[in-house]
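**Student:** I have a structure I would like to understand better, so I am pasting it below and will then ask my questions one at a time.
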Amino acid sequence: MPKHIVRLIVLIVVSLALALIAKRYFTADSFYRYGHYRANSVPEIAAQEPVFQTPHYCQSCHGARHAQWSANSHKTVICEVCHGAALGHPQNGKLPIPSDTVKLCTLCHEAMPGRPRTQPQIEVAQHSAGQQCIVCHNPHAPKIVSAAAKVTGDAAAGKKRAAACTSCHGASGISPNDSWPNLAGQHAAYLARVLEAYRSGAQKDVMMTPIAQTLGNADVQNLAAYYGSLSCKTPASETRVGDAVAGKALAKNCAACHGETGVASNPAWPTLAGQKPVYLVNVLKAFRAGLRKDPMMAGVARSLSDADIANLAAYFAGQSCQPVTPPRKTP
């Protein structure tokens, strides 16, 4: 037999022998006792303390958030996917709140051919002009209320019930005080949503909360239908709070929800055009300070200075509350 063949056979035999020795030396004694794995790993893993504590762990301290989350489309995404593992929390400090929500949300929602169509997807470069996702979406209840939302109330019945509201909001929904909002012509769906928030305690106000708690379901719907049916045209406010020109530049960041001129395209969101300027200033400052609870607006208002808020209020207060109808093209 040729020498090179002999050497090759010897090399193969030695390699097999070394492999068998290594297998015997490195294989754990409990390997293959139950299957193709180390049997002792089972009690070892079972003895470890779970790093993820599950949403049930969060519920005792964050009941309102847990209820909101569990009733909406993100209920399959547990808290710790976004906020990190809760082992040791709260004793070892707070869990992080994601700041780059675009990077986080697109892990699941960036358009990809292989993803199921039932999972909402976006073209990142064409969506929201680079704004953070929480500007428009509540992370615990991300689905935006449909623009087709309807209010089923009776405006005539709402007019009677509104008699108790005239001292603050005016006989025709136009407030006599710059610190209180105009309700005339506001989106009925938005009014119904806000009244319900005051009534349930989700949003609190010294004056509005006790009033709203006296309302029934029909009252909320009727009041929303009545004020939504009124004309929102108001005389220009004489109060000057900021620079409308500077506010117009800032308002581009608000257009996705409130429209370019403050007329919201979605009835679930408020129209800002023609609103009382002092009221707008107060509300934006309340969002910034966390006195008004809204995940979307809190994130937006947090970056605004007092001058920015005044300028935005001046701009929106000076806009027409009626949507602009594009001119008809003549054939």
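**Student:** Under a 1.4 Å probe, what is the accessible area of the chain per residue, stated in Å²? Intermediate results must be reported in sequence, preceding the final value.
**Tutor:** Details: 21420 Å² over 331 residues.
In whole numbers, the chain has 65 Å² accessible per residue.
**Student:** Along the Cα-to-Cβ line of A71, 7 Å from the Cα, sits a label point; which residues in the stretch 274-317 have backbone N less than 17 Å from it?
**Tutor:** Flagged as within label range: 293-295.
**Student:** Here is a further query. Placing +1 on the Cβ of each Lys and Arg and -1 on the Cβ of each Asp and Glu in the chain, which of V124, F316, S305 has its Cα farthest towards the positive end of the resulting dipole?
**Tutor:** About the Cα centre, the residue reaching furthest to the positive side is V124.
**Student:** Let me ask something else about it. Which one of I9, A157, L272 has its Cα pushed farthest toward the positive end of the charge dipole of the chain, where Lys and Arg give +1 and Asp and Glu give -1 at the Cβ?
**Tutor:** Working it through, the farthest residue towards the positive pole turns out to be I9.
**Student:** Just report the Cα centroid separation between the stretch 130-181 and the stretch 101-117, whole Å.
**Tutor:** 33
**Student:** A further question on this structure: Any idea what the relative contact order of the chain is, in percent, if you count C-alpha pairs under 8 Å spaced at least 6 apart? Each step should come with its number before you reach the end.
**Tutor:** Working: 437 pairs, mean separation 48.4, N = 331.
For the chain, the relative contact order is 15 percent.
**Student:** Here's something else I'd like to know. What order do you get for 254-262, 67-75 when each peptide is scored by the mean count of other beta carbon atoms within 10 Å, highest first? Can you show the working numbers first?
**Tutor:** On the way: 254-262: 19.0, 67-75: 15.0.
Per-residue Cβ counts within 10 Å, averaged per peptide and sorted highest first, yield 254-262, 67-75.
**Student:** Can you tell me which of S229, S41, S99 moves the most in a GNM of the chain? Springs connect C-alpha atoms under 10 Å apart.
**Tutor:** It is S41.
The values are calculated or read from the model by the stated rules, or taken from the named source; none is laboratory data. Remember, it's a predicted structure, so these values are computed and weren't measured experimentally. Don't worry about glycine lacking a Cβ; one is built from the backbone with ideal geometry, like all the others, and counts go over all protein chains shown. Areas reflect the complete protein model, heavy atoms only, side chains present, ligands, DNA and RNA absent. Shrake-Rupley method; radii C 1.70, N 1.55, O 1.52, S 1.80 Å.
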